[in-house]
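Take a look at the structure set out below.
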Amino acid sequence: MGDLTHSAALIQNAELSLSDDAEAATKQNEREALYLHNSCLPVNRLPPELLLELFLGYVRDPYKSSRVPWARLRGVCLHWSQFALSTPILWRRIDVYASSRWLALCLQNARETTMDVMFHARELPAADLCLLLPHTHRLRSLSFRTHISPEWMPTLLEILGGDLTALENLHYFPPPSEHHNLSHHLALTHSRTPLLHTLDLVGTRAPSDMALLSRLRKLSLSACSTDLTASDFLSALASNARLEVLELSHFLDNLSGGFNAPPSLREEGIALPRLRRLCLSDHSPHLTSVFLSLLRTPPTLNLNLSGDLGETEPDQIVSPIVWLLPPPSVRLSALPILASPTVTSITARLYQWFYEVHTDSLGSEKGSVSLEVLSANVNSWYTWLGQGIADVLDAFGSAQEVTSLTIYGDQASHSLTDWENVLRTFPKLEHISMVGTIGNSELWTVLQAGLDDDNDINGDNAERSSSVPYPRLKRIVYNGGVDATHAVCTDVLHCLRKRAERGCRLSSLELGFVHRSVSYEQMKAIYVPQFEAVVDWFAYLG
């Protein structure tokens, strides 16, 4: 009886085994059928070059927030997964966070492809940096988006001392504790880094290899010490016809010898024909001005200047924004963007802690200007608005296509003459915006000049508009803190009504008053309907 039971169990197990084998075979056949089906689909019959472009296009999508956006494509099908694993170029960008496993996987799958390595966090153990040591010859880009951990320094300096013949881009950002210990010398030379074209260094020693500096396309140095003299640095710039971006912060002061360029260089200047961005910050305005006076830049430059007035007393500060610029004799040859016809909009902001002027152009590729000054001894820039207007006219008086002007500051600190000069300098103004805490009504006095002469009121449109001061004005934003007295409201309405009668009706007016003499309710009931009747669109800001 026992033998029969044992035999029955063996038969049952055999049947189950055959069933499992059949099921496994069926599933394998199904997988093979699906694979064959997928391989016949048009998208999977694309040449590898086109499929690669599909993957790379997905990577370039700015809305993809994943660290490895193309990794999701591996889940589409087995063919795409195998393609990703066998395509080294997809693994060349390595974003390093806290895990060394991803770094090791990318180094393996990238094979002999050059790599772009970017560190985002400092949690990676210093020992794991050693994974890069055998691959320094494949480093195309090395970038740190975080402070470098002090524990990394020995290994990192060993990496940077290795074979960097493929390196094109280096962004080096040591820890804050090392910013004042500038003994690290990266020993970057043109022979060790023959392909390097982008160099971004913070708080270390700048390279002194002239051949290296003269071939860079981007040079960014912040709080870097240097062995170079000012003359050496100028010579390196003069020999670099490829430079596109120059960013210097707290660096010019560290160049020895002073900016005493040879007479020929001072007269002809240093031509930087491809320069599209120039940023100078944390220097004295005088040093910034002297350096800029030696350059000759394109008219499509994106210019960003920030100067620190230090301990200069307020009564010694004259034209602070203009202090940043080259002297008038060479200003437009050094910075033709200041007079470029593409500069159409100017904004001046005088706030408590900073004073800035910036422009907008017809397009970002046409260039722009941003100027800023800081001072430890100026308690508030609000009251400097009159000087701010003078600075704008001095800096941009040759820009003849300006159609928009915006001013933030204490409106009571400027005069009737200031507005006359503004409108005379920029005759094509179409939009004026004034925002401040205390104001006056001088603008309306200028806009009303001569409008009470009714001799030509019956002429044709051309004759009538020709008698209107600044007839191109179409939009005004006036929120300057003026008390809403009956006299002020009546004067502004009179000005607008007279301009409208002569064919120069405003298309838009945004108005804001302080309600001490006339209440908000009175303003809404009495004057707002009248304003709405003399302009195309009116908004009361209160």
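Test Gly397 against the stated conditions and say whether it is of a type in the set (Gly, Ala, Ser) and at pLDDT below 90. Criteria not met by Gly397. Of Ala104, Ala84, all but one fail to be over 20 Å from Leu195 (Cβ atoms), at pLDDT 85 or above, open to solvent by less than 60 Å² (accessible area, probe 1.4 Å) and not charged (D, E, K, R); the exception is Ala104. Contact list please: Cβ distance under 6 Å, first residue in segment 164-188 and modelled with pLDDT under 85, second residue open to solvent by 50 Å² or more (accessible area, probe 1.4 Å), pairs at least six apart or on different chains. The qualifying pairs are Pro175/His147; Pro175/Pro150; Leu182/Arg205; His185/Arg205. Of the listed requirements (1) modelled with pLDDT under 90; (2) open to solvent by 10 Å² or more (accessible area, probe 1.4 Å), Ala261 misses just one: (2).
When you scan segment 218-233, do you find a residue that is under 16 Å from Cys279 (Cα atoms) and basic (Lys, Arg), even just one? Looking through segment 218-233, at least one residue is under 16 Å from Cys279 (Cα atoms) and basic (Lys, Arg). Counting only residues that are closer than 11 Å to Val369 by Cα and assigned to a loop (DSSP other than H, G, I, E, B), segment 320-341 holds 2 of them. Considering segment 368-391, the residues that are under 15 Å from Leu325 (Cβ atoms) and among the aliphatic types (A, V, I, L, M) include one that is surrounded by the fewest Cβ atoms within 10 Å (Cβ to Cβ), namely Ala390. Within the set Leu287, Leu219, the sole residue that is in a strand (DSSP E or B) and either open to solvent by 60 Å² or more (accessible area, probe 1.4 Å) or out of contact with any Lys or Arg (no Cβ under 8 Å at 6 or more places or on another chain) (or both) turns out to be Leu219. Figure legend. Inter-residue proximity from segment 472-497: first residues open to solvent by 10 Å² or more (accessible area, probe 1.4 Å), second residues among the basic types (Lys, Arg), beta-carbon distance below 7 Å, spacing 6+ or different chains. Indicated pairs: Arg472/Lys428; Asp483/Arg516. Among the residues examined, Ser333 qualifies as in contact with a Lys or Arg (Cβ under 9 Å, 6 or more places away or on another chain) and either open to solvent by 50 Å² or more (accessible area, probe 1.4 Å) or closer than 17 Å to Pro314 by Cα (or both). Taken over segment 498-524, residues that are among the aliphatic types (A, V, I, L, M), within 34 Å of the chain's Cα centre (by Cα) and open to solvent by 10 Å² or more (accessible area, probe 1.4 Å) amount to 0. The residues of segment 509-533 that are in contact with an Asp or Glu (Cβ under 9 Å, 6 or more places away or on another chain) and at pLDDT 90 or above amount to a single one, Leu509. The residue that is least open to solvent (accessible area, probe 1.4 Å), among those in segment 222-242 that are farther than 24 Å from Ser329 by Cα and in contact with a strand residue (DSSP E or B) (Cβ under 7 Å, 6 or more places away or on another chain), is Cys224. Among the residues of segment 404-425, those that are modelled with pLDDT of 75 or more and open to solvent by 10 Å² or more (accessible area, probe 1.4 Å) comprise Ser404, Thr406, Tyr408, Leu416, Thr417, Asp418, Glu420, Asn421, Arg424, Thr425.
A quick yes/no check of all residues on (1) at positive phi; (2) touching a Ser or Thr at 6+ places or on another chain (Cβ under 7 Å); (3) in a loop (DSSP other than H, G, I, E, B); (4) basic (Lys, Arg):
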{"residue": "Asp232", "(1), (2), (3), (4)": "no, no, no, no"}
{"residue": "Gly258", "(1), (2), (3), (4)": "yes, no, yes, no"}
{"residue": "Arg274", "(1), (2), (3), (4)": "no, no, yes, yes"}
{"residue": "Asp282", "(1), (2), (3), (4)": "yes, yes, no, no"}
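Can you find a residue in segment 119-130 that is closer than 26 Å to Ser86 by Cα and at pLDDT 90 or above? Within segment 119-130, none of the residues are closer than 26 Å to Ser86 by Cα and at pLDDT 90 or above.
The values are calculated or read from the model by the stated rules, or taken from the named source; none is laboratory data. Please read all numbers here as calculations on a predicted model, not as lab measurements. Positions of Cβ are generated from backbone atoms using ideal geometry, with glycine treated the same way; all protein chains shown enter the neighbour counts. Note: accessible area is taken over every heavy atom of the protein model, side chains too, but ligands, DNA and RNA are not part of it. Shrake-Rupley method; radii C 1.70, N 1.55, O 1.52, S 1.80 Å.
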